[in-house]
Structure formats: C-alpha cells, structure tokens
Amino acid sequence: MSAVERKDEFELDGDDDDIDENELRRQEEAYQRQYENEQTWDQLQEDEFGNLFVDKTAEQRARRKRLLSAAQSARIRKGMIRYLLLVVDMSRAAKAQDLRPNRLACILGLCRSFIREFFDQNPLSQLGIAVMRGGLVEKLTDLSGSPEAQVARLDAAKLGAPAGDVSLQNALDLSVSVLRSLPPYGHRELLVVFAALATCDPGNVLDSVRACKENNIRVSVVGVAAEVYVCRRITEDTRGSYGVALNEAHLEQLLMAHTTPPPATAAQAKAELVRMGFPQRSTEEASSAVFVGLEARLLSGSYTCPRCKSRVPELPCECHICGLTLISSPHLARSYHHLFPVPSFHEDSKERASEAAAVLRGQPAMRDEVPTSTGLYCFGCLREVSQPGAAGQLHLTLRCGQCKQVFCFECDAYVHEQLHNCPGCEFGGT
C-alpha cells in the first residue's frame, strides 16, 4: 500500500470520529426506547379463555398517582413565581453505567425534558443551571425565562467529561449568592441531581445549610446512586424533598414532580402586588428590524416595553432598561392551572356506570355516529373502551365525577397534564 493510500485511509478514519451530534442523540434515544422495559413478561396475563394479553393497567395506575397527588394538593397555597437553580452532578460518579447508556447521558436528557416542562407549567418563573465537577461548582447560565437557551447549554459535547469529586457546600453557597437578592414574593429553590455517594467540602456544610434556611431557599435533591445522610439532612432542614431513583422511569418521575410549585411558607403566604407589563409585538417585516435587547441584536418582531419603550426579543422576561417584568396574557392564564386543577377522574365501575346512565340519558351524545361492540367509547378520542370490570381489560377506563363521561387512560392524562379542562364538562356546560 502506498503512502498516499495510507494517508487517505487515515483521513477517512478521522472523519468517522466526527459523528454528527444529532445522530448521536438519535441513537441514544433509540437505545433507551429499545431497552426501556426489559421485564415485559410481568405484563403478560391470561384471560378466561386461556389467551395471553399484555396488561397495562398496573403501569397506568402507577402513572395516575402523580395526577391524584396534584389534585389533592390543589387547596394548598402555592406561589406563581419561582426562581430555581438546577445543579447537575458531573463528578466521576456520573460515569457509571447503571443507567443507560450512562448516568450523565440519562441525567442530561431528562434535565432537558424537565426544563421544558418547568417553563410550560411555570411561565412566569426563571431558571438557571450549574454543574458540580472537580470539587467546584460552575454556573452555566443565569436565571432567565427562556427554555431553549437553557436547554442548549445542556449538551454533553460542550460540557466536557465528568471528573473529580462533588462539593455540596459550594453548590449551596452558589445558590445563596444567586437567590438571596431576589424579590421576597418569589419562591427560591435549589434542585440538585446528585450521583455521588459522598461530598468533598472546603468547610462545614451545615453552615451553608443554615445560610440557605435564613434566606428562605428550599433545597431538594434527586439521587441516582443511594440515599446519603447529608442530603437527607439538607432537605429536612430547608423543607425540601429528597428521593433516590430506582431506574430511568423513576428518575423522570422524581424530576417531573418538581415542575409543580411547592407549598408556600408562612413568610410567603401574605399577598403582595407585583407590577407587570404587557408589551406589544412589532411586525415581522424586515423593514421594522431594530436593535433589540441588552446585546443590541438586529431583529424584527420584537416586543416594546410599555414603560420605557425599549425592545426585548422574547417573553416572559425583565426589561433590561427599567427592570419591569414583561409577560403576555397566555402566560398569566397558564400560571393558574396548578392552582385550579381539573378534579381527578375515578376508575370506572359497574356502580358508577349505572349511576351515570340516568344522567347521560338526557344529554346530547354521538352514540349513533360511533359504532362500538361494547357500547362504550371515550368521550375524548371516540375510541372504543371496555365495560367496567370486564375480564381481559387492556386499559383503564375512567369517569368524570361531574359530567359522568367516560375517558380512556391517554385522554385522562392529556386532560390533567396538558388541556387542564374537561371536554365533557365544557360540552355539557357543567
């Protein structure tokens, strides 16, 4: 083989190493979907005729626990504005492969989903990101209300490799320096995704815990290895929550549980007026482009502050000139969803079905237009559902306690997590 051929071979090998980041992300998601649940035999059940079928009711009942807990806590007073600092553990413990494909990749992927869900549930809130590595803590982003700007920083290729030990005390000190100057009407929170089994601190970590408590900072920890005493002590002293993930699905549940606001403390229970502005959006024409924001970027379609007439690129945000909080009316409306959630649906039974039959008889319906063999259909998607208590039931059927309509499990989750309104109640005017 000549030298030129060997050189071309080496160049081709070098090109193979530079794999597109999007392709790596797609491969990782495909790997996680393929091996999401290896114990599929646990879902096999046998009906009365001896046929095997996949029973998903147990999994669906477990998922409904989060919906029921949200409905039960509806009467607890909560805050609409949150300031949350997300700290990710990037120590050497994040290299472990007990989570697929490894702890760091799994944590970063779920954190990206958490950030988008956090801003969807809390449009008036702000979030910042920091990482713990080599005994230090590094702040990646400042507190802001832009989800895509935060997600863009959680890229494994840009963050580098995990290394060194983790220091909880430095993370607590950073949270105090970032959150203590914020307005008192907002919830100050620190969420730590902890992968290690120990912390290497420069001093007494309990001193930092007292500083967090004095500044009304609520510290919560989500662990991926095992329960650590110092994490339990920190969360108990600051009235936070602490959970250890059993697998990838449980880790996602623990993270998503922090998207809903925590209960307000006694210091935050008093009512306080917050001045906000509703800016107008300019046209998208190229001729209307102006210099926007603190960075003075030339953009079209910006928003005009009603107080100082300066331009900002997106909402919600704080005006970089006068400091006024700028929002839109949909953001304000979406902030009330966790304060007035849809009442939880009840699992259907023969008693509830007979009780609802008299109520539904006088209401307009689409029974003739929806042919079914069981006589029941989901009011949301018009899909056929099983009779309550039938043998070999594949999916849960649920019934609204007010309009008495039947919903499948997927529509029940969509109504409570995304729509925040019951279609049957809206259709019947109840």
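The values are calculated or read from the model by the stated rules, or taken from the named source; none is laboratory data. Note that the coordinates shown come from a computational prediction; the quantities given were computed from them, not determined experimentally. Heads up, the Cβs are rebuilt from the backbone with ideal geometry, glycines too, and the neighbour counts pull from every protein chain shown. All accessible areas refer to the heavy atoms of the entire protein, side chains included, with ligands and DNA or RNA removed. Shrake-Rupley method; radii C 1.70, N 1.55, O 1.52, S 1.80 Å.
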Quiz item: If you count, for each residue, the other Cβ atoms within 10 Å and average over each peptide, how do 87-97, 230-240, 342-352 line up from highest to lowest?
Solution: 87-97, 230-240, 342-352
Self-check item: Spacing of the two label points (7 Å from each Cα toward its C-beta) at R180 and A96, in nm
Solution: 3.4
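At a Förster radius of 25 Å, what calculated FRET efficiency corresponds to the Cβ-Cβ distance of S144 and F291, to the nearest 0.05?
0.80
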Practice problem: Could you list which residues have their amide H under 5 Å from that of L140, counting only those 5 or more apart in sequence or on another chain, with H placed in the peptide plane? | Solution: I129, A130, V131
Practice problem: Normalise the Debye intensity by I(0) for the range 194-316, one equal point scatterer per Cα, no solvent, then take log10 at q = 0.17, 0.19 Å⁻¹ and round to two decimals. | Solution: -0.88, -0.96
Quiz item: Within the range 77-258, how many lysine pairs that are 8 or more places apart, or on different chains, have C-alpha atoms less than 29 Å apart?
Solution: 6
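Could you check how much of the accessible area of the range 77-258 is carbon and sulfur, as a whole percent, using a 1.4 Å probe?
Its accessible area is 49 percent carbon and sulfur atoms.
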Practice problem: Please give, to one decimal in nm, the separation of the simple spin-label points placed at D237 and A157, each 7 Å out from Cα toward the Cβ. | Solution: 4.2
Quiz prompt | Highest average packing first - 207-220, 310-323, 292-305, Cβ atoms within 10 Å | solution = 207-220, 310-323, 292-305
Exercise. Under 10 Å from the Cβ of A94, count the other residues' Cβ atoms, weight Lys and Arg +1, Asp and Glu -1, and hand me the total.
Key: +3
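Figure the gain on full extension for D207 and L339 (residue separation times 0.36 nm, minus the Cα-Cα span) and round it to one decimal in nm.
Values: separation 132, 0.36 × 132 = 47.52 nm, distance 3.49 nm.
Difference between extended and current length: 44.0 nm.
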Quiz prompt | Per-residue ³J(HN,Hα) for the range 180-194, Karplus 6.51 cos²θ - 1.76 cosθ + 1.60, θ = phi - 60°, Hz, x for Gly and Pro | solution = 6, 8, 7, x, x, 6, x, 7, 9, 9, 10, 10, 10, 9, 10
Quiz item: Each residue of the range 146-162 in order: what ³J(HN,Hα) in whole Hz does its phi give by Karplus 6.51 cos²θ - 1.76 cosθ + 1.60, θ = phi - 60°, with x for Gly and Pro?
Solution: 9, x, 5, 5, 6, 5, 4, 7, 8, 10, 4, 5, 7, 6, x, 8, x
Quiz prompt | Computed over the range 280-339, Cα set: Rg, Dmax in Å | solution = 12.7, 43
Exercise. Taking only the C-alpha atoms, wrap a convex hull around the range 112-229 and report its volume per residue in Å³ as a whole number.
Key: 111
Exercise. Report the relative contact order of the range 280-339, percent, no decimals, based on alpha-carbon pairs under 8 angstrom and at least 6 residues apart.
Key: 22
Exercise. Tally up the carbon and sulfur contribution to the accessible surface of the range 280-339 as a whole percent, 1.4 Å probe, everything protein left in place.
Key: 55
Quiz item: What list of ³J(HN,Hα) couplings, whole Hz, do you get for the range 203-208 from phi and the Karplus terms 6.51, -1.76, 1.60, once you set θ to phi - 60° and write x for glycine and proline?
Solution: x, 7, 5, 5, 5, 5
Quiz prompt | Sequence-distant residues sharing a close amide H with T397 (under 5 Å, placed H) | solution = D348
Quiz item: Using modelled backbone amide H atoms (1.01 Å from N, in-plane), which distant-in-sequence or interchain residues come within less than 5 Å of V244's amide H?
Solution: G223
